[in-house]
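Asks: What follows is a structure written as structure tokens; I'll ask about it next.
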Amino acid sequence: MKKELKTFDDPKNVKILLRIFYASLVVLLIVDLFIHKHADFPWEDAPNFFAAYGFVSCVLLIFIAKILRRFIKKDETYYD
Amino acid sequence: MISYLLNTGCPPALIFIIGALFIPLLRGKLKSAFMLMLPVLAFVVLMKTPEGNHWHVALLDYDLILGRVDPLSKVFGYIFSLISFIAVLFALKVEDDVQHVAGFAYAGGALGVTFAGDLFTLYIFWEIMAVASTFMILARKTESSQAAAFRYILVHIFGGLCLLAGIILYIQNTGSAEFSFIGLDGPASWLIFIGIAVNAAIPPLHPWLQDAYPEATVTGAVFLSAFTTKSAVYVMARTFPGTELLIWLGALMTAVPIFYAVLENDIRRVLAYSLINQVGFMMCGIGIGTELAINGTVSHAFCHILYKALLFMSAGAVLHVTGKIRCTDLGGLYKTMPLTCLFCMIGAASISAFPLFSGFVSKSMIISAAGHEKLIVVWLMLQFASAGVFHHAGIKVPFFTFFGHDSGIRAKEPPLNMIIAMGIAAFLCLFIGIYPKPLYAILPYPVDYLPYTAAHVVGQLQLLMFGALAFCLLILSGNYPAEMRAINLDTDWFYRKGGKLVYNFMDKWLNRVNAFCDKLFAQEMTATLGAFSRQGPAKLTLFIMTPIWFVMGKKGDKEKIYAAFETASIPIGISAAAATLFIVGLIVMR
């Protein structure tokens with residue numbers, strides 16, 4: 001039997017991964033303040049606009065999807 | 001005609017379609033080599049064919065053009081040949097000639113559409129595609145795939161007939177069968193538009209895609225993901241560039257499917273929804289219609305075909321080795337399928353348009369084009385959809401398949417040919433992402449666009465990473481919608497349930513009318529008529545004879561007269577007397 005990978009089962013590794021992830025978020029927030037922008041719209045010049053937009057978009061996406069589910073969810077045998 | 005074709009090289013479409021006919025005759029390695037050679041041959045022929053119109057075929061009064069080669073058709077020709085090679089390699093071990101032949105006919109149809117120079121040729125190959133692709137679904141041979149294939153072909157017959165009706169009207173109106181810019185103007189163009197929109201899966205005409213693709217075979221879904229929608233993108237870019245309606249339909253198309261993708265449990269159905277979302281970007285680009293937007297659309301189609309095929313291949317590989325494809329059944333597969341997992345993540349990063357992956361260098365052109373045209377709402381919708389696509393195709397698909405909860409499945413990697421096919425696609429996704437110049441060089445317009453600017457890279461990374469943060473926080477806090485075994489209603493409800501309603505209505509009401517008519521005409525009226533024709537003359541005779549008998553004081557035999565008329569054995573004297581009486585009656589009545 002081939003050896004199994006278990007890297008992501010170890011909570012320690014997951015923790016490290018999450019820390020790297022959070023650190024990269026902070027780096028992105030800082031870097032954004034120092035770059036020159038060539039925007040089509042004024043709000044693109046606002047600091048960290050895309051971070052806020054990405055976060056809000058995904059939260060909205062999930063909550064709207066949850067509401068949508070109430071209306072469209074049917075049993076798997078619905079069409080049979 | 002044949003010698004003419006041979007002298008001038010063979011159209012790529014015919015290389016595929018005629019080549020397909022030989023596949024069942026071959027066996028073993030020769031068969032594999034032959035199948036892999038066909039796309040290579042088509043690619044080489046394309047490279048060697050100069051721009052212009054080639055391969056004219058005279059049919060009745062029309063001049064069919066099988067090879068209109070220009071920058072736009074060439075890009076699509078290249079990517080269709082390339083993806084055929086990858087898909088054929090992926091499907092090489094499939095022991096079902098029907099699938100191989102149908103696959104080549106399907107890809108050949110797409111190439112035929114791409115190089116068609118007139119509307120008739122377009123229509124012929126359009127229908128070849130529809131028929132051949134149906135076999136990719138039928139070949140799964142499950143009850144649900146048969147039903148899905150049936151719905152699929154019905155929808156495409158509808159789309160094909162709209163296209164045909166539009167083409168005929170268009171030729172009637174303009175006197176030309178030229179396949180070039182049409183633009184929305186009058187019923188002919190609307191019919192053509194609807195015909196193309198069905199294949200492009202523009203809402204509300206889209207549900208066939210998420211209905212049928214997940215029901216296809218493991219390898220069939222890879223073919224399906226490449227050809228039907230992207231050939232429709234090509235035809236739309238040819239006939240309706242700059243149509244404002246497409247901007248809005250496209251933007252809607254990017255946004256709506258992602259809600260479904262978040263809720264969907266079947267991995268390949270999630271991919272089908274994200275396919276619709278990606279084609280939405282292309283439709284939007286066609287609608288904007290500027291050089292940048294069209295370049296963005298074409299390059300995005302090119303990249304999309306590669307990473308979407310890669311995603312369908314990795315999901316297919318999982319289905320192939322585990323027999324399962326639902327999020328609720330999968331999880332933890334990275335342990336024994338690290339390569340497939342890696343390829344899936346490369347596809348996921350590409351579709352999410354991460355910098356250094358192919359989606360980044362193509363999708364950004366479309367969004368920039370929307371920005372340059374100051375389309376505020378559209379731009380916001382496209383950015384929203386970009387964050388959303390990362391959410392479901394970028395994170396959800398790899399996470400629930402290869403990580404997430406441990407399903408206990410310990411499946412091996414798929415066969416080598418599948419690994420290599422995925423490897424080639426993954427390599428190309430990375431290569432184009434890192435070095436987009438060769439792709440930019442073959443686009444229809446000169447490219448004056450730099451994808452890798454600091455602002456753009458950081459902006460895109462922020463959008464994606466903070467979208468990922470939302471995913472993380474929602475999962476960790478238990479607010480993420482749980483994966484459920486369920487059907488999510490889409491517009492196919494109208495023909496799936498609506499069809500049943502119509503059927504029941506017809507059944508109830510038309511059968512009632514039928515029963516009523518049967519009773520009235522078949523049973524009662526014939527009996528009445530029969531009785532009338534049998535007894536009528538006898539009754540009429542009695543009507544006349546009874547007063548005569550009464551006057552003459554005789555007692556006539558009624559039964560005898562009935563019997564005489566029913567057996568037509570009336571003495572000639574009586575007939576003559578009756579005839580005379582009638583004549584007398586007639587004269588008196590005058």
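Asks: Can you tell me how much longer the chain between B:MET484 and B:TRP509 gets when fully stretched, taken as 0.36 nm per residue apart minus their C-alpha distance, in nm with one decimal? Show your work: numbers first, answer last.
Replies: Values: separation 25, 0.36 × 25 = 9.00 nm, distance 3.92 nm.
So the chain would gain 5.1 nm between B:MET484 and B:TRP509.
Asks: Now a separate question. Select from A:LEU29, B:GLY112, B:ALA201 the residue farthest towards the positive end of the dipole of the protein assembly as shown; place +1 on Cβ of Lys and Arg, -1 on Cβ of Asp and Glu, and compute about the Cα centre.
Replies: Of A:LEU29, B:GLY112, B:ALA201, it is B:ALA201.
Asks: Compute the helix-to-body angle for B:220-239: its Cα long axis versus the longest principal axis of chain B, expressed 0 to 90° and rounded to tens.
Replies: For B:220-239 against chain B, the angle is about 90 degrees.
Asks: Another question about this same structure. Please compute, for the alpha-carbon atoms of the stretch B:526-585, the extent along each of the three principal axes and give them in descending order in Å.
Replies: Projected onto its principal axes, the Cα set of the stretch B:526-585 covers 37, 24, 19 Å.
Asks: To the nearest 20 debye, what is the magnitude of the charge dipole of the protein assembly as shown about its Cα centre, counting +1 on the Cβ of each Lys and Arg and -1 on the Cβ of each Asp and Glu?
Replies: Result for the protein assembly as shown is approximately 1760 debye, rounded to the nearest 20.
Asks: Something else about it: Averaging sequence separations of C-alpha pairs under 8 Å and six or more residues apart, then dividing by the length of chain B, give the relative contact order as a whole percent. Let's see the in-between values first.
Replies: Values: 903 pairs, mean separation 70.6, N = 590.
Relative contact order for chain B comes out at 12 percent.
Asks: Go ahead and run the numbers for FRET between B:LEU540 and B:ARG590, Cβ-Cβ distance against an R0 of 22 Å, rounding to 0.05.
Replies: So the FRET efficiency works out to roughly 0.70.
Asks: Now for a different question. Cβ under 13 Å from B:LEU36's Cβ, B:LEU36 left aside: what net charge do those residues give with Lys, Arg +1 and Asp, Glu -1?
Replies: +3
Asks: In addition: Between B:ILE18 and B:ILE442, what FRET efficiency comes out of the Förster formula 1/(1 + (r/R0)^6) with R0 = 30 Å and r the beta carbon distance, rounded to 0.05?
Replies: The value I calculate is 0.65.
Asks: Sticking with this structure for a sec: For the interface of chains B and A, what total accessible area is buried with a 1.4 Å probe, rounded to the nearest 100 Å²? Please report the intermediate quantities before stating the final value.
Replies: On the way: alone 26760 and 8350 Å², together 29890 Å².
In total, chains B and A hide about 5200 Å² from solvent.
Asks: Ok, one more. In nm, to one decimal, how far is the A:ILE35 label point from the A:VAL56 one, both placed 7 Å along Cα→Cβ?
Replies: 2.0 nm
Asks: Given N residues in chain B, what is Rg(Cα) / (2.2 N^0.38 Å)? If you can, show how the numbers build up before the last one.
Replies: Values: Rg = 33.9 Å, N = 590, 2.2 N^0.38 = 24.9 Å.
So chain B has a normalised radius of gyration of 1.36.
Asks: Ratio of Rg to Rh for the stretch B:241-491, alpha carbon only, Kirkwood?
Replies: Values: Rg = 17.7 Å, Rh = 18.2 Å.
Ratio of gyration radius to Kirkwood radius: 0.97.
Asks: With only Lys, Arg, Asp and Glu charged, each at its Cβ (+1 for the first two, -1 for the last two), find how big the charge dipole of the stretch B:94-194 is about the Cα centre; round to the nearest 20 debye.
Replies: Once rounded to the nearest 20, the dipole reads 220 debye.
Asks: Starting from a Cα-only point model with no solvent, please compute log10 I(q)/I(0) by Debye for the stretch B:267-353 at q = 0.10, 0.20, 0.21 1/Å.
Replies: -0.31, -0.89, -0.95
Asks: Continuing with the same structure: Put a dot 7 Å past each Cα toward the Cβ at B:HIS372 and B:LEU60; how far apart are the dots in nm?
Replies: Computed distance between label sites B:LEU60 and B:HIS372 equals 4.4 nm.
Asks: At 0.692 mPa s and 37 °C, plugging the Kirkwood radius over alpha-carbon pairs of the stretch B:453-590 into Stokes-Einstein gives what diffusion coefficient in µm²/s? Walk me through the numbers on the way to the answer.
Replies: Values: Rh = 24.2 Å.
It comes out at roughly 135 µm²/s.
Asks: Here is a follow-up. So who's got an amide H within less than 5 Å of the one on B:ARG68, skipping anything under 5 residues away but keeping other chains? H placed 1.01 Å off N, in plane.
Replies: Those lying under 5 Å, H to H, from B:ARG68 are B:HIS54, B:ALA116, B:GLY117.
Asks: Give me the accessible area per residue for the stretch B:414-521, probe 1.4 Å, as a whole number in Å².
Replies: Numbers: 5870 Å² over 108 residues.
Heavy-atom accessible area per residue stands at 54 Å².
Asks: Sticking with this structure for a sec: Once the cut-off is 11 Å, how many percent of the Cα-Cα pairs in the stretch B:14-54 end up in the long-distance tail?
Replies: Here the long-distance tail beyond 11 Å is 67 percent of all Cα pairs in the stretch B:14-54.
Asks: List the residues, sorted by chain then number, that are 5 or more residues from A:LYS73 or on another chain and whose placed amide H is less than 5 Å from its amide H.
Replies: Residues meeting the criterion, in which the H sits 1.01 Å from N, are B:LEU489.
Asks: May I pose another question? Taking only the Cα atoms of the protein assembly as shown, how large is their convex hull per residue, in Å³?
Replies: Dividing the Cα hull volume of the protein assembly as shown by its residue count gives 263 Å³.
Asks: Could you state the number of Å between the C-alpha centres of the stretch B:436-510 and the stretch B:552-568?
Replies: Their Cα centres are 89 Å away from one another.
Asks: What does the average come to when, for each residue of peptide A:64-76, you count the partner chain Cβ atoms lying within 10 Å of its Cβ? Don't skip to the end; give the middle numbers.
Replies: Working: counts 3, 12, 7, 1, 8, 9, 0, 2, 9, 6, 5, 3, 5.
Mean inter-chain Cβ contacts per residue within 10 Å come to 5.
Asks: Could you please state how large a percent of the accessible area of the stretch A:7-72 is carbon and sulfur, counting protein chains only and using a 1.4 Å probe? Write out the running numbers ahead of the final one.
Replies: Working: 3160 of 4230 Å².
About 75 percent, which is the carbon plus sulfur part of the accessible surface.
Asks: What's the magnitude of the charge dipole for the stretch B:241-491 around its Cα centre, counting Lys and Arg as +1 and Asp and Glu as -1 at the beta-carbon? Answer in Debye, nearest 20. List each step's numbers first, then the result.
Replies: On the way: 13 positive and 11 negative charges, 109 e Å.
Its charge dipole is roughly 520 debye.
Asks: Which is the longest run of chain B containing none of the GluC sites (Glu not before Pro) found in DSSP loop states (not H, G, I, E, B) with at most 15 other C-beta atoms within 10 Å?
Replies: B:96-590
Asks: Output wanted: per-residue J couplings in Hz (rounded whole) for the stretch A:18-34, from phi through Karplus 6.51 cos²θ - 1.76 cosθ + 1.60, θ = phi - 60°, x for Gly and Pro.
Replies: 5, 5, 4, 4, 5, 4, 5, 5, 5, 4, 4, 5, 6, 4, 4, 6, 10
Asks: Quick one: Debye curve from the alpha-carbon atoms of the stretch B:332-439 only, equal weights, vacuum; give me log10 I(q)/I(0) at q = 0.12, 0.15, 0.19 Å⁻¹ to two decimals.
Replies: For the stretch B:332-439 at q = 0.12, 0.15, 0.19 Å⁻¹, log10 I(q)/I(0) is -0.50, -0.72, -0.97.
Asks: OK, next. If amide H atoms are built 1.01 Å from N in the plane of the peptide, which residues on other chains or at least 5 residues away come under 5 Å of the amide H of B:CYS327?
Replies: Excluding prolines and chain starts, which carry no amide H, the hits are B:ASP266, B:ILE267.
Asks: Given the pairs A:LYS15/B:LYS324; A:LYS74/B:LYS396; B:LYS31/B:LYS412; B:LYS93/B:LYS141; B:LYS29/B:LYS141; B:LYS324/B:LYS497, which are separated by over 20 angstrom at their Cα positions?
Replies: A:LYS15/B:LYS324; A:LYS74/B:LYS396; B:LYS31/B:LYS412; B:LYS29/B:LYS141; B:LYS324/B:LYS497
Asks: Carbon and sulfur together cover what percent of the accessible area of chain B at a 1.4 Å probe radius? Walk me through the intermediate numbers first.
Replies: On the way: 16990 of 24250 Å².
Ligands and nucleic acids excluded, carbon and sulfur reach 70 percent.
Asks: Something else about it: Of B:ASN511, B:GLY573, B:PRO537, whose Cα points farthest to the positive end of the dipole of the stretch B:495-589 (charges on the beta-carbon: +1 Lys, Arg; -1 Asp, Glu; origin at the Cα centre)?
Replies: Checked the options; the winner is B:ASN511.
Asks: For chain B, take the longest principal axis of its alpha carbons; what is the angle in degrees between that and the long axis of helix B:358-372, to the nearest 10 within 0 to 90?
Replies: Its long axis makes an angle of about 80 degrees.
Asks: Next up: The stretch B:383-412 to the stretch B:297-373: how many Å between their Cα centroids?
Replies: Taking the Cα centre of each part, the stretch B:383-412 and the stretch B:297-373 sit 10 Å apart.
Asks: Towards the positive end of the charge dipole of the stretch B:278-390, with charges on Cβ (+1 Lys, Arg; -1 Asp, Glu), say which of B:HIS300, B:SER314, B:GLY359 has the farthest Cα.
Replies: B:SER314
Asks: What Kirkwood hydrodynamic radius do you get for the stretch A:1-63 when you take the inverse of the mean 1/r over all pairs of distinct Cα atoms, in Å?
Replies: Answer for the stretch A:1-63: a Kirkwood hydrodynamic radius of 14.8 Å.
The values are calculated or read from the model by the stated rules, or taken from the named source; none is laboratory data. Predicted, not measured: the structure shown is a model, and the values here were computed from it. Cβ: placed from backbone, ideal geometry, glycine included. Neighbour counts: every protein chain shown. To get the accessible areas, we keep the full protein, side chains included, count just its heavy atoms, and leave off ligands, DNA and RNA. Shrake-Rupley method; radii C 1.70, N 1.55, O 1.52, S 1.80 Å.
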